[in-house]
Amino acid sequence: MKNIIKILKFEYLSCVKNKAFIIVTFFLMGVMLLSAFLPALVMGLLSEDEEDGENKEKPVIAISSEVYDQALIKSEFESSFSESDIKISKESTDDLTKKVDSGDYEFAVKINDELKFTYITANNSLFSENYETISDVVKSMYTVKALDKYGISQAETDKIMNTKVTFETVTTGTDQSKNYLPVYILMCVLFMATMTYGQLVAQSVVSEKNSRAMELLITCAKPTHLMFGKVIGSGLAGLTQLAVLLLTALVSFGTFSSGMIPDEISKYIQLPASTVLLALLFFLLGYFMFSFILGALASFASKSEDLNTLTSPVMIVLSAVYMIMVFMCTGDMVDSTFMTVLSYFPISAPMAMFVRATMTDIAVWEIALSAVVQIITIYLLGMLAAAIYKIGVLMYGNPPKFGEIIKMLKMQRKANQK
Amino acid sequence: MKIEVKNLTKRFGEKEVLRDISFTAESGKALGLLGRNGAGKTTTIRIIMGVFYQDGGEVLLDGKQLNREQIQIGYLPEERGLYPKKQITEQLIYFGLLKGLSKQQAKESAKKWLERMGMSEYKDKKLETLSKGNQQKIQLAATLLCDPKLIILDEPFSGLDPVNAMLLKDVIKEMIDSGSAVIFSSHQMNYIEEFCEDIVILNAGQIAVGGNISEIKRSYPRNTIEIFSTQADQITPFIIRSVGSEIESAEKDGKSDIVTVKLKNPEYKNNLMQSLLKEGFDIDCFKVKEPSLNDIFVQYTEGGI
């Protein structure tokens, strides 16, 4: 145990002091700060524009209509286009077109009939919502005019039409709508982190083998200690990086973007502590499982170049699990039997059980059972990885075939029993 | 303390690389493991270190199965290698810790050995910035860091210049004098001859010859006599003339002042000396010529593998 701690400390410090690791951490911190700061920056620039605009004249919108009452037009359009001056005009379509073209009018609307209008604009932007707004205004004017015939005044009509319905939701299980976004993001982080930090372990093994430090190492410490120390050390380094990034995210978004996110969106970004803890638990389980596999495979590589060939099948499996999870989430199938099976199958369990635990209403024992299955798998994988690590140490040249590995493991077992 | 290797056998697939290897190394003594490339030296050493498992035989420490955690073993592998991108002191301390030293002990020991190796100025450098010979010295420091009672050195002299080889020789002698048992393999016979009392010559996975060097040498016929004299030119014809029937040959070695005489019977040695003295020759040295380790090595390993 003492040795594991020494090894993990060494591995941890090696990772944390590694230049590439530090650069990546700072880069990601920079990206986070920037993305948090950007909305504030953009809004700041926009508001400056607006301040400048106060001195200028408001843009003019010309409305020409013979169907509706002028007062009605003015009040309805003003309430919908409060940033502009509404001008009631009697000009012909051609004149309006000319003035829009010369920039006198922001745009012009010629209401030809009770439910028909021509929208004259210089630039028809893809994102412009003027069309719909004008339609709504015209529709509203039509309603007012129609109801007027039955003796209902405009004020009464407005009151009826602008009534708002309020509601509350009571969710008895887990509210998928609220969890969806954070779970989705965390799942992505889980996937990326497992892959990245697993590679860290593989790299560490290969570099020791490449520098031939391994022979001395395995005569100084037990392969199991080396393997577990390496995996735990790199894992802790990964957690440190994640913690730093999470903290940066919390502080920067808290400082720059507070109040900038509209309520409609922020209600979907609720991150309960339980979700974070579950993410942490399943990250650790997934990380251990994959890094033992990657560490074992890496002991067969003689150079870093061999590493990709050896580890790509694992990466494909991991990516496939992630894709299935995305598919399950977007296809609203997190409650399916398939998903339940995946949440107990060791390789897919870390991600699948995380999704199930956060998006659906499941019993604690299910989470615990899945975790136990994973822990047993991790232990067995760890032992296997250490055995493979030992036989792989002095193997240089082409990576061995699967059958040869099994044969060597059997021989080692036999020798151990002697 | 006694390390006994008993009847080791090892196969790699179909190939039998070690067959019935046995030898003993003791405290305060050095054992030289000799053999041509591929004779099985490194495999034997790796089995002692537990890197490989033997197929048969055993490694004993004072009669009991060797438990590598109970005894400090200093091991210099044939494949040298530490962490190239790590600071020298940092990695020496790490290996010290793994060997069971406390942090303080590891620090002190690293400092001590860097000084002893004349490498103190490099202590904060990365290993990869050093020359190959200097890296080798760091590797030696890592080997001896834990004050080992058993020292196993696989080709320790390869890659060292004469000055550094001398330094290493002194260090190994100190370790032997302080009571450590040393096993080392080398191709450099002069070093082996200098501080090994015992040798084992491996040939094609088997022991060709083993035991105390002096005894091995004595086992050779002692019928070759070397006579050192400034009168070598006159001595050679005198011997042929006066005792020709007792000798096989008498030759002067080129331009040197040495006459080599091969006797038919080794016991005639004293008679030869007396007749030379009686004749009044001025003799600097008269001795039995023993075979060099090199001669023995070549004799046993030629045509092997």
* Structure fact -> Here, B:S102 and A:N18, labelled 7 Å along Cα→Cβ, have an inter-label distance in nm of 3.3 nm
* How large is the accessible surface per residue of the protein assembly as shown, computed with a 1.4 Å probe and reported in Å² as a whole number? -> 52 Å²
* To do: Tally the DSSP beta bridges in the protein assembly as shown and give the antiparallel ones as a percent, rounded to 5.
  => 60 percent
* Taking Cα centroids, how far is the range A:371-390 from the range A:290-334 in Å? -> 16 Å
* For the range A:60-161, what is the percent of antiparallel DSSP beta bridges, rounded to the nearest 5? -> 40 percent
* Asked: What average number of partner chain Cβ atoms lie no more than 10 Å from the Cβ of the residues making up A:4-16?
  -> 2
* Ignoring any ligand, DNA or RNA, what whole percent of the accessible area of the range A:60-161 comes from carbon and sulfur when the probe is 1.4 angstrom? -> 48 percent
* Gaussian network model of chain B, springs between alpha carbon atoms under 10 Å - residue of B:G38, B:G50, B:G244 with greatest fluctuation -> B:G244
* To do: Could you give the spread of the C-alpha atoms of the range A:187-249 along their three principal axes, from largest to smallest, in whole angstroms?
  => 44, 17, 17
* What's the angle, to the nearest 10 degrees (0 to 90), between helix A:130-148's Cα axis and the longest principal axis of chain A? -> 50 degrees
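Using unit Cβ charges (K, R positive; D, E negative) and no other charged atoms, how large, in debye to the nearest 20, is the dipole of the protein assembly as shown about its Cα centre? Provide the component values of the computation, followed by the final result.
Working: 75 positive and 84 negative charges, 844 e Å.
Dipole size: approximately 4060 debye.
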* Given Cα pairs under 8 Å that are at least 6 residues apart, what percent is the relative contact order of chain A? -> 21 percent
* Structure fact -> Bridge orientation stat for chain A from DSSP, antiparallel percent rounded to 5, came to 40 percent
* To do: Just need log10 I(q)/I(0) for chain A at q = 0.06, 0.07 Å⁻¹, Debye formula, equal scatterers on the alpha-carbon atoms, no solvent, rounded to two decimals.
  => -0.46, -0.57
* Taking Cα atoms, how many degrees apart are the long axis of helix A:364-393 and the longest axis of chain A, rounded to 10 and kept between 0 and 90? -> 50 degrees
* To do: Using only the alpha carbons, work out the radius of gyration and Dmax of the range A:1-155 in angstrom.
  => 28.8, 92
* To do: Report the accessible surface area buried between chains B and A, summing both sides, using a 1.4 Å probe on protein heavy atoms only, in Å² rounded to the nearest 100.
  => 2500 Å²
* Structure fact -> Taking the alpha-carbon centre of each part, the distance from the range A:1-39 to the range B:9-60 in Å is 45 Å
* Sort out for me the Cα centre separation of the range A:216-251 from the range B:198-226, rounded to whole Å. => 54 Å
* Only Lys, Arg, Asp and Glu count, each charged at its Cβ (+1, +1, -1, -1), so figure out the dipole size of chain A about its Cα centre, rounded to 20 debye. => 4340 debye
* What does a probe at A:L369 reach in the range A:278-300, counting residues whose amide N is under 19 Å from the point 7 Å along Cα→Cβ? -> A:282
* Could you work out which residue, out of B:I192, B:I227, B:I138, moves most in a Gaussian network model of chain B, that is, has the largest mean-square fluctuation with Cα springs under 10 Å? => B:I227
* In degrees, nearest ten, helix B:88-98 long axis to first principal axis of chain B (Cα) -> 80 degrees
* Label-to-label distance, nm, for residues given as B:S245 and A:T196 (7 Å Cα→Cβ offset) -> 9.8 nm
* Once you've got the Cα coordinates, tell me which of A:K90/A:K149; B:K99/B:K132; A:K17/B:K149; A:K19/B:K149 are over 29 Å apart. => A:K17/B:K149; A:K19/B:K149
* To do: Taking only Cα atoms and a 10 Å spring cutoff, compute GNM fluctuations for chain A and point out the largest among A:T133, A:T163, A:T360.
  => A:T163
* the range A:60-161: relative contact order in percent, alpha carbon pairs under 8 Å with at least 6 residues between -> 28 percent
* Asked: If R0 is 60 Å, what FRET efficiency do you get for B:E197 and A:S125 from their C-beta distance, rounded to 0.05?
  -> 0.05
* Structure fact -> For the protein assembly as shown, the charge dipole (Cβ of Lys, Arg +1; Cβ of Asp, Glu -1; about the Cα centre) points to a positive end, and the Cα of A:T163, A:T240, B:I45 closest to that extreme belongs to B:I45
* Structure fact -> A correct Karplus calculation of ³J(HN,Hα) over the range B:50-65, with 6.51 cos²θ - 1.76 cosθ + 1.60, θ = phi - 60°, whole Hz and x for Gly and Pro, returns x, 6, 10, 9, 7, 8, x, x, 8, 10, 10, 10, 6, x, 10, 3
* **B:S22-B:S275 FRET efficiency (beta carbon distance; Förster radius 51 Å; 0.05 resolution)** => 0.60
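Exposed loop sites here are GluC sites (Glu not before Pro) in DSSP loop states with at most 15 other C-beta atoms within 10 Å. What is the longest stretch of chain A lacking them?
Excluding the exposed sites themselves, the longest stretch runs over A:169-418.
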* Take the Cα coordinates of chain B, assign each an equal point scatterer, and use the Debye formula without solvent to give log10 I(q)/I(0) at q = 0.14 Å⁻¹. => -1.02
* To do: Using only the alpha carbons, work out the radius of gyration and Dmax of the range B:223-305 in angstrom.
  => 14.4, 52
* Beyond 29 Å between alpha-carbons counts as too far, so tell me which of B:K86/B:K112; B:K41/B:K103; B:K64/B:K169 fall in that bin. => B:K41/B:K103; B:K64/B:K169
* Which values, in whole Å and largest first, are the semi-axes of the equivalent ellipsoid of the protein assembly as shown obtained as the square root of 5 times each eigenvalue of the Cα gyration tensor? -> 91, 28, 20
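The values are calculated or read from the model by the stated rules, or taken from the named source; none is laboratory data. Just so you know, these numbers come straight off a predicted model, no measurement behind them. Methodologically, a virtual Cβ is constructed for each residue, glycine included, from the backbone with ideal geometry; neighbour enumeration extends over all protein chains shown. What goes into the accessible areas is simple: the full protein's heavy atoms, side chains included, and nothing from ligands, DNA or RNA. Shrake-Rupley method; radii C 1.70, N 1.55, O 1.52, S 1.80 Å.
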